[in-house]
Amino acid sequence: MTKKLQFTELSNNGDARGFSFTAPAEALAFVGRTADVHLASTGPGAVRGNHYHLRRREAIVVTGTRAKDRSRSTATSKAHAQSLY
């Protein structure tokens, strides 16, 4: 029988803005080129991210609150912004 479900304890890398958990790289092999998947909380008015990657994909899971996403296409340099609810 093959193993289909595995639980891994993750370290909380959060700070004053809230908690932050990152999935280990070996758990992400099935999603292809996505390098990071984060589950994080952010308190009211706090900012997370505020950086970009030239050669990697990153996924952020937002739950339980409103958020704003701002991104830029590396192919066209076109900026994109959207509200997430």
> Label-point separation (nm) for R17 and A75, each offset 7 Å from Cα along Cα-to-Cβ?
Replying inline: 2.8 nm
> What does the highest-first list of 4-10, 40-46 look like by mean Cβ count within 10 Å?
Replying inline: 40-46, 4-10
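Each reported figure results from applying straightforward, stated rules to the coordinates on display, with no laboratory input. Quick caveat, the model's predicted, so the values are computed rather than measured. Positions of Cβ are generated from backbone atoms using ideal geometry, with glycine treated the same way; all protein chains shown enter the neighbour counts.
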